[in-house]
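Student: Supplied in C-alpha cells, the structure appears directly below.
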Amino acid sequence: MDKQTESRRRLVKEATAALQVPGLALELQPSSSVERQRGADDVVYVRHGDRRIEYRAEVKRNLRPATLGAVLQQLRALDARPLLVSDHINPPMAARLQEAGVEFIDTAGNAWLSDPPLCVWVTGRRPPETTEDRIGRTGRAFRASGLRVLFALLCKPGMVDSPYREIARLAGVAHGTVGWVMAELPKLGYVATYRKERVLVKPERLLREWAEAYARTLRPKQVLGRYFTNDIGWWKDEVTTEFGFNLGGEAAGARVTRYLKPATITLYGDDISAELLARFRLRKDPQGNVELMKRFWEFDKSKPLVPLPLVYADLLATGETRCIETGEMIYKKIVDGFERAD
C-alpha cells in the first residue's frame, strides 16, 4: 500500500471511530489494490438497527469555501452514494454541505447522515489537538510550481512526451521543476509509457484534482488586486486583450456556455494596467466585482479567454451553485476534447 492510500485510510478509520451515536455503527471495508487501480475508494457501511447503508468514502482534507465547488463536482461524478470524510468540518461548512445534500463525517465526530428515518446531525466539535494534517497529496506535483506544469499538460495533453525544456518554457517554470513533476506522475497513475512514448492517462481525474488544488494552493498567490466598477457589461466585448489580459472566471464561463450571468469579472495578465483601470473606472475594493490575476502560463496569451481548465477551476472556486453547474458543462467539453485526442 502506498503512503497516500495509507494516509487516506487512516483518516477514514479515525473519522468512523470518532462518531459515537447510540445504536449506530460504522464499518470500513477497504478496497483491494485492483479496485484502487480502477479508481474505486474504500466503502463505509453505516448500520442502524437491521438496516445497512453503503457509502463510497471520498476523502478531502482542509475543506475551504474556495475548494468546495471542486469537491461537490467530484462527488456528483461518483457512481455510488458518496460520504465526504474530512479532518475537520466547521459549522458554516457543515451547513453548506447539508444544503448541497452532501453527507459527511470528520475526525472530530461531526457528521450529517440522512437516510430517513435515520438522521444524524452533529456540528461544533473541534478535532483533537493530536490530529495531524496527514491526508492528501504530499508530493510536489500538487504544490504551486507543480500545478503550473500540470496546467500546461491539461491544456496540451500531447505535450507530455515533449522535452522537459519545452514543457518548462510553456509552463513558465524551471527545467528542474518539470523533472520532479514528471517523476511523480507515473506513481500517481497519470502518466504511462506506451511504445516508448509518454502518454497522459486519466486526464479527466487529473483535471478534477488540479482544480481543487489550484483553488487551495496556487490561486491565492496569483491575486494582483480586487476592484469595483458600476458597470461590468464590457466583458461581452473582446476589449480586454487590448490591455494584455485574458478573460476568465464567470465571464469566460458565460461566453462559453451562454448559461451564466456574471457577477464578478476575472482577468488574467502580467501586471496591473493603469490604462485598464482608467478605461473601465475601476477603484480598489477588497470586495469588488472585478479581480485582476497574475497570468502563470506562457502559451495562448493573445487569445481572449484563458484556457478552459482554468475557466472550470475558477468557476468551482466560487462555490456558487450556478457557477458549479456552468463548470460542469465546461468540464464535459474539456473531457470530450481529451477523448477526441486519444
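Student: Of the numbered conditions (1) modelled with pLDDT under 85; (2) within 28 Å of residue 322 (Cα to Cα); (3) part of a helix (DSSP H, G or I), residue 62 satisfies every one except a single condition; which is it?
Tutor: Every condition holds for residue 62 apart from (3).
Student: If you check every pair at least six apart or on different chains, which have Cβ atoms under 9 Å apart with a residue in region 44-68 that is on the phi > 0 side of the Ramachandran plot first and a residue that is open to solvent by less than 40 Å² (accessible area, probe 1.4 Å) second?
Tutor: Close Cβ pairs (under 9 Å, with a partner that is open to solvent by less than 40 Å² (accessible area, probe 1.4 Å)) amount to 49/118; 62/86; 62/87; 62/135; 62/136.
Student: Out of region 203-230, which residues are of a type in the set (D, E, K, R) and either modelled with pLDDT under 90 or part of a helix (DSSP H, G or I) (or both)?
Tutor: Matches in region 203-230: 204, 205, 208, 209, 212, 216, 219, 221.
Student: Yes or no: region 46-53 includes at least one residue that is buried (at least 22 other Cβ atoms within 10 Å of the Cβ) and among the hydrophobic types (A, V, I, L, M, F, W, C).
Tutor: yes
Student: Continuing with this model, one more query. Within the group 199, 149, which residue is at pLDDT 95 or above and either under 23 Å from the mean Cα position of the chain (by Cα) or surrounded by 16 or more Cβ atoms within 10 Å (Cβ to Cβ) (or both)?
Tutor: 149
Student: Among the residues of region 98-116, which ones are more than 18 Å from residue 319 (Cβ to Cβ), outside any loop (DSSP other than H, G, I, E, B) and open to solvent by less than 10 Å² (accessible area, probe 1.4 Å)?
Tutor: Scanning region 98-116 gives 105, 106, 111, 113.
Student: Tell me which residues, restricted to region 235-245, are surrounded by 14 or more Cβ atoms within 10 Å (Cβ to Cβ) and part of a helix (DSSP H, G or I).
Tutor: Once the filter is applied, which keeps residues that are surrounded by 14 or more Cβ atoms within 10 Å (Cβ to Cβ) and part of a helix (DSSP H, G or I), region 235-245 yields 235, 240, 241, 243.
Student: Right, another one. Residues in region 301-318 that are closer than 22 Å to residue 208 by Cα and not in a helix (DSSP H, G or I): how many?
Tutor: So the count comes out to 3.
Student: Can you tell me which residue is farthest from residue 265 (Cα to Cα) among those in region 192-236 that are in contact with a Pro (Cβ under 8 Å, 6 or more places away or on another chain) and small (Gly, Ala, Ser)?
Tutor: So, considering only residues that are in contact with a Pro (Cβ under 8 Å, 6 or more places away or on another chain) and small (Gly, Ala, Ser), the one farthest from residue 265 (Cα to Cα) is 192.
Student: Considering region 262-282 alone, what residues qualify as being assigned to a helix (DSSP H, G or I) and open to solvent by less than 20 Å² (accessible area, probe 1.4 Å)?
Tutor: Scanning region 262-282 gives a single hit, 276.
Student: Just a yes or no: is a residue in region 117-136 modelled with pLDDT under 85, within 17 Å of the chain's Cα centre (by Cα) and buried (at least 18 other Cβ atoms within 10 Å of the Cβ)?
Tutor: Checking region 117-136: at least one residue is modelled with pLDDT under 85, within 17 Å of the chain's Cα centre (by Cα) and buried (at least 18 other Cβ atoms within 10 Å of the Cβ).
Student: Could I ask something else about it? Could you list all residues from region 155-169 that are closer than 13 Å to residue 192 by Cα and buried (at least 20 other Cβ atoms within 10 Å of the Cβ)?
Tutor: 160, the sole residue that qualifies.
The values are calculated or read from the model by the stated rules, or taken from the named source; none is laboratory data. No experiment lies behind these values; they were computed from the predicted model shown. Note that each Cβ is placed from the backbone with ideal geometry, even for glycine, and that neighbours are counted across all protein chains shown. Note: areas computed on protein heavy atoms with side chains; ligands, DNA, RNA excluded. Shrake-Rupley method; radii C 1.70, N 1.55, O 1.52, S 1.80 Å.
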